[in-house]
Structure formats: C-alpha cells, structure tokens
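Working notes, beginning with the structure itself.
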Amino acid sequence: MPGSLEPLDLGVHIPYHFRCPISLELMRDPVTVCTGQTYDRPSIDSWVSAGNTTCPVTRATLTDFTLIPNHTLRRLIQEWCVANRAFGVERIPTPKQPADPALVRSLLNQTSSDSAPPHLRLSSLRRLRQLARDSDKNRSLISSHNVRQILLPIIFNGANELNHEALALLVLFPLGDSECAALASDSEKINYLSRLLSHNSLDVRVNSAALIEIVVAGTHSPELRARVCEVDEIYDGVVDLLRSPISYPRALKIGIKALFALCLVKQTRHKAVAAGAPAVLVDRLADFEKCDAERALATVELLCRIPAGCEAFAGHALTVPMLVKIILKISHRATEYAAGALLSLCSESERCQREAVTAGVLTQLLLLVQSDCTERAKRKAQMLLKLLRDSWPQDCIGNSDDFACSQVVVVPF
C-alpha cells in the first residue's frame, strides 16, 4: 500500500506508531531526529527543505539535522505488513541509506582524473550511477557537485566503455538551458550521438536517444532544435528503439519521448514518416503505459498534420479502428489526440471516413461531446461529427434521439 491508506477501507487498522506524524501514512523509511521523534524520511526531508527548523511534533528547535534510521521500528512495520498480506498490504522494502557526501566527492574526483587508471574511473562511474538510481536525494547530492561539467567532456572524448558509462550517468540528470544549447549547436557531438543509435548495445542506444531528447526538449531556440532534427540517422535510430522487445520497457519509454520531441519540429516531421514511424506507432501502441500512450497518440496527431504522415497512417489497416477504440479509454488527453488524428485522416480520405463509421466512431463521438473531456477534444469531436454526417447509416440518424444527434453544434476553433 505504498503512499496510500486505501487498505483501511478493507478493515486493516494501521497502528498509530507506524504512521508518520507528518503524512499520517505508513512509514517506509522511519528515521529519528534529535528530539527523539520518528518520521518517514521523505516527509521530514521535505519539512526541513522547506526551511523549517523545529520538530513538527514537539516544536522544539532541531539543533542537529542528522537523521538516524530507526531499524527496530522498520522491522516491526515489515512484520506487520507480512502479517496483513491477506488484506492486500505489501511488505515495504528495506530502504537504502543515503549516499555519503564524502564518498560522492571521492568518486567524482576519481572519475574526473585523467591520471587515474581507466578501470578505476569506470568503477567510480558505475558506483555513482548505482547511487543516483537509489533515490532522488542521492541524485540531488551528486548533481550539486557539478556532475554534468565532469561527465560531458568524458562522453565526447573517444568511443569506449568509459564514454558509454558516463553517458548512462548523465541522462539521469537534467541539463541546463545553456548546456542544451551548447550541445545542439555542436554538429560533431550531435552526429556522434546519432552514430551511437546504431551501437551493438541496446543500453547505449537508449542512453543516446535519452540525451538527444533532453537536448531537443531543453533547447529554446527553434533554429538549434531544427538543426538537431535535420540529422536523418536520429530518426532511424529512435524509430528502431520502438521496435525493441516489450521485455525492455525503457527502450519504448525513451524511444517515444525522443520521437515526440523530434516531431514537435514541424519542418522535419517528414523524416519521422520516412523512417517508418507511423507503422511502428500503430503496431506498438498497446504496449505503452498510460503516459507513454498519451505521448504516442500526440505524435500520431502531429504526423497526421502533414500529407506524408496522413497517407502513411491511412495506409495502415489498423490505424482508424485503433483510434476509434481508444476514444474515452485511456485518458482525456489520449481522447483529444485520437480525435484530432481521426479528424485529420477523415478530412483527407473518404475511405477513412467509411472505416471510422464501420468501427463505431459515431457512438464514441456522441459520448465524447457529452463527457467531461477537454473542450478541445469536444470541438474536434463536433467537427468530426459534421464531417462524417453524410456517412452515417440512416437507421443511426433516425434512432439517435437519445444522443441529440441531429442537434450537434459545431464550435469553430
């Protein structure tokens, strides 16, 4: 029951002393402050980070901000979780302790030292990546030591395991505006990243795509974004990531994030179409998690706004039935994107209009305009209803009083 008290509705009573006094939720990483009070680590961290200098319970001044793990209480909570498994309570994992600042400094010093043996630098990078993956607090600590300035020169200096490991660590941190602009304006570095997209290692390809997405999304200059998006090899590599097996979900997640960022640049969308993005998007849509499915549908709508994209999607037998089926199924955003893509396709193809009607789009759209979806989704649905009016079966038009079918008002954009 991470982050939730919902199991209480099933009759499970959480002992009072297992709850964090701040969040009132079951503690997962109990720590004790200098006043003797115990809190869940994320809650007391947030309290202190907000500038508070007193104990939330006693209001006594915190003279020492050291957080001491309460191992005894954590073990008791874990035992309680195991005893209540029948009620759907999951055992909390044993938390990993925050990284030691001195250790982080030492690892970064070894990483940045050109005189250090390569195997020692590689080992330091791997340890830093492990620490960064453990928690947000560790990533914040590592980031505070100028990790990006240390890693960027390593990534683009040669082509070996050290470079690849530095890349894997860098993509765990956001880049600043100036860093994104500097990378976007350096064609040699962008070309290097594009070459990594065809590397033998899937991990290397995924990390390269991740950095490209960070750069494109973080570059505010349209000219610089367009410069990155002009590289054909990037589209081939990113689309190929979307063909990765479902057993490697990170490839799908990074692949669709990168493709969406690239397709936001209108003048180069045709490159995504040429790389085969439409067919891959339709074929893999069912494999995406919710937020990634939304991003995939947004990408479909973007590509449907250009003739080549419209033609490619219209030529796939599953495109229209899939978009019709998705309406009202995933989220309001997904519904809006699906309706927008259908509007583009049906505006260009009478065959798509017939396919949409056959797939049951009429009922879906009528439900949509009466739902609590976004106003933009409703406007797109109303425009699509008007466009398809001549394609509606006569018996549908004559028996649609429940939906006020004959009184749909089209609201212009």
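The values are calculated or read from the model by the stated rules, or taken from the named source; none is laboratory data. Computed from a predicted model, the values in this text were never measured in an experiment. As a convention, Cβ positions derive from the backbone with ideal geometry for all residues, glycine included, and neighbour counts pool all protein chains shown. Remember, those area values only see protein heavy atoms, side chains included, never the ligands or the DNA or RNA. Shrake-Rupley method; radii C 1.70, N 1.55, O 1.52, S 1.80 Å.
Helix content alone sets the calculated 222 nm mean residue ellipticity of the chain: runs of n ≥ 4 DSSP H residues at -39500 (n - 2.57) each, divided across all residues, give -17500 deg cm²/dmol. Relative contact order for the stretch 271-370: what percent, with Cα pairs under 8 Å and sequence separation of 6 or more? Normalised by residue count, the contact order of the stretch 271-370 is 28 percent.
Ratio of Rg to Rh for the stretch 146-192, alpha carbon only, Kirkwood? Walk me through the numbers on the way to the answer.
Details: Rg = 10.3 Å, Rh = 11.0 Å.
That ratio equals 0.94.
Measuring nothing but protein heavy atoms, the accessible surface of the stretch 213-279 at 1.4 Å probe radius is 57 percent carbon and sulfur. As a calculated quantity, the FRET efficiency between A359 and L202 at R0 = 45 Å, using C-beta atoms, amounts to about 0.80.
For the stretch 261-359, the C-alpha radius of gyration divided by 2.2 N^0.38 Å, with N the number of residues, is 0.96.
A Stokes-Einstein calculation at 37 °C with viscosity 0.692 mPa s, built on the Kirkwood radius of the stretch 101-144 over Cα pairs, returns a diffusion coefficient of 314 µm²/s.
What is the packing order of peptides 203-214, 263-274, 106-117, taking the mean over residues of other C-beta atoms within 10 Å and listing the highest first?
On the way: 203-214: 23.5, 263-274: 19.2, 106-117: 14.7.
Listed from highest to lowest mean packing, they are 203-214, 263-274, 106-117.
Quick check for you: with a 1.4 Å probe and neighbouring chains kept, what is the accessible area per residue of the stretch 344-394, in Å²?
Numbers: 2640 Å² over 51 residues.
Per-residue accessible area for the stretch 344-394 comes out at 52 Å².
In whole percent, how big is the carbon plus sulfur part of the accessible area of the stretch 32-138, probe 1.4 Å, protein atoms only? If you can, show how the numbers build up before the last one.
Values: 3180 of 6190 Å².
That share works out to 51 percent.
Projecting the Cα positions of Y248, L367, A339 onto the charge dipole of the chain (unit charges on Cβ atoms of Lys, Arg, Asp and Glu, taken about the Cα centre) puts Y248 furthest along the positive direction.
Which order do peptides 252-261, 288-297 fall in by mean Cβ count within 10 Å, highest first?
Values: 252-261: 24.5, 288-297: 19.8.
The peptides rank, most packed first, as 252-261, 288-297.
Per residue, the accessible area of the stretch 7-146 comes to 57 Å², computed with a 1.4 Å probe over protein heavy atoms only.
Calculate, for the stretch 156-230, the solvent-accessible area per residue in square angstrom, rolling a 1.4 angstrom probe over the heavy atoms of the protein chains.
On the way: 3160 Å² over 75 residues.
Heavy-atom accessible area per residue stands at 42 Å².
Could you give the dipole magnitude of the chain about its Cα centre, charging the beta-carbon of Lys and Arg +1 and that of Asp and Glu -1, in debye to the nearest 20? Kindly include the intermediate steps, with their values, before the conclusion.
Values: 45 positive and 44 negative charges, 117 e Å.
The calculated dipole for the chain is roughly 560 debye.
Can you give me the Cα centroid spacing of the stretch 46-82 and the stretch 127-175 in angstrom? Using only Cα atoms to place each centre, the spacing works out to 30 Å. Full extension of the chain between L318 and H332 gives 2.9 nm of extra length, using 0.36 nm per residue less the Cα-Cα distance.
Between R351 and S113, take the C-beta separation as r, use R0 = 60 Å, and let me know the FRET efficiency to the nearest 0.05. Before the final figure, lay out the partial values.
Values: r = 64 Å, r/R0 = 1.07.
Once the sixth-power term is evaluated, E becomes 0.40.
Listed values for the stretch 95-111 are Karplus-derived 3J(HN,Hα) couplings in whole Hz (6.51 cos²θ - 1.76 cosθ + 1.60, θ = phi - 60°), namely x, 8, 6, x, 5, 6, x, 5, 5, 4, 4, 5, 5, 5, 5, 5, 5, and x replaces Gly and Pro. Peptides 324-337, 52-65, ordered by how many other C-beta atoms sit within 10 Å of their residues on average, highest first, read 324-337, 52-65. Classified by the C-alpha gyration tensor, the stretch 115-165 has a prolate form. Its axis ratio a/c, with a ≥ b ≥ c, is 1.5 or above, and a/b is larger than b/c. Take every Cα pair under 8 Å whose residues are at least 6 apart in sequence, average their separation, divide by the length of the stretch 54-169, and the relative contact order is 18 percent. Rounded to a whole number, what is D in µm²/s for the chain from Stokes-Einstein with the Kirkwood radius over alpha-carbon pairs (10 °C, 1.306 mPa s)? Once the numbers are plugged in, D ends up at 63 µm²/s.
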